[in-house]
Amino acid sequence: MKRLSLQWRITLMTVLLIGVTCVIMNLLLCSSGVYYMDMITDTLQGGTTVIMDREGAESFDPRLITPDEDLTIIVDGAQGRFRATNWYITAVVTLFSGILAYFVSGRALKPLRSFASQVEKVQLNNLADMRIDENVLPEFRRLSHSFNQMLERLDNAFAAQRQFTGNAAHELRTPLALMQAQLELFSAEHPDVQPETAEFLRLLREQTDRLTQMTKTLLEMSNLQQVERNEQIQIAPMIEEIFTDLAPLAEKNDISLEMDGDGVMTGSDVLIYRLLFNLTENAVKYNRPGGSVRVHVAQEPEKLLIRVSDTGCGIPEEYQRSIFQPFFRVDKSRSREYGGAGLGLSLVWEIADLHGGTVWVEESSKKGTSIAVELPTQ
């Protein structure tokens, strides 16, 4: 019973109520009919008796009966036919009532289905635009009002979080830039320092660069909502530009870069570039020496499908959903080695979602990984 929808529950309860009512009505009608038939039979006394069966085998001519002669007519099977007819009527009325109750309950539950469909459209980037109409039935008015208040609180909370992240990242940029400059200057002025000191300076520069990159990514994520997304983007030239930017890293790791296909979409040129760059950079970084990275673009009527495939060691199945969460890293030691902060794929997911698209791990094994991105063309 718990798995039944509310509409079916109302329908079954209505059918049961109507069925019980019809059965009681039927029993009362039968009792009344039988009683009056028996009373009519008892009233007719003596005289001529003519038995009429269902086929009318016994018949008579009333003109042959004399006026002073009594007549009793016994109609065979009348009571049984009366009961059967009542049960047929009961079944038809119950069935019709059930059908009527189903459609009536569906009409009554239409506001609830509308509410559910609106709730399903709520995303992190449209909280302020998804207010539910409160001019509804009294039963749903309080629910709609509470839901709108919840959306407002969530929107305010996320706005405060984005503002804090942006402000913190912005304030960190200046001291980090100063630290980097001082480290570079010190290293240039003291080339003959002790090996321990040189290793310490190298580690310090590496972690400062990592913190700077993390700050830059956080600042980008906090400003996603303000970026215009109305540019016409040609994907193939953008991927060629990304390959050019990543060529030194690919040559260092002996990774070959390949692409095929092309497509056009409407969005933010800067953000889509960042999305493709992060996916391709990850595929190069976490690949096997001598491996390859292939970017395939497929243009469909209303969407664009982009696959970034590598020949790396793959992503365990239990982590394939978690890699798009902020600061999540499958192999923390390798991430530290390559300067990763666990924000690259999170930014990819945010950009795809902002454009109304999705990103997922399409296939992953020890032979490599393929990550797919689906984006609407408009």
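Computed from the coordinates by the stated procedures, all read-outs in this text should not be read as laboratory data. Just so it is clear, the structure is predicted and the values come from calculations on it, not from any experiment. Cβ atoms come from the backbone with ideal geometry, glycine included; neighbour counts cover every protein chain shown.
Which of the three applies to region 181-310, rounded, prolate or oblate, going by the alpha-carbon gyration tensor with a ≥ b ≥ c and a/c under 1.5 meaning rounded?
In terms of gyration-tensor shape, oblate.
Computed over the Cα atoms of region 242-297, what is the ratio Rg over Rh, Rh following Kirkwood?
That ratio equals 0.99.
Provide the packing ranking of 95-105, 352-362, i.e. peptides ordered by the mean count of other C-beta atoms within 10 Å per residue, highest first.
Order by mean packing, descending: 352-362, 95-105.
I need the calculated FRET efficiency for the pair F186 and Q213, taking r as the beta carbon distance and R₀ as 22 Å, to the nearest 0.05.
The computed FRET efficiency comes out at 0.55.
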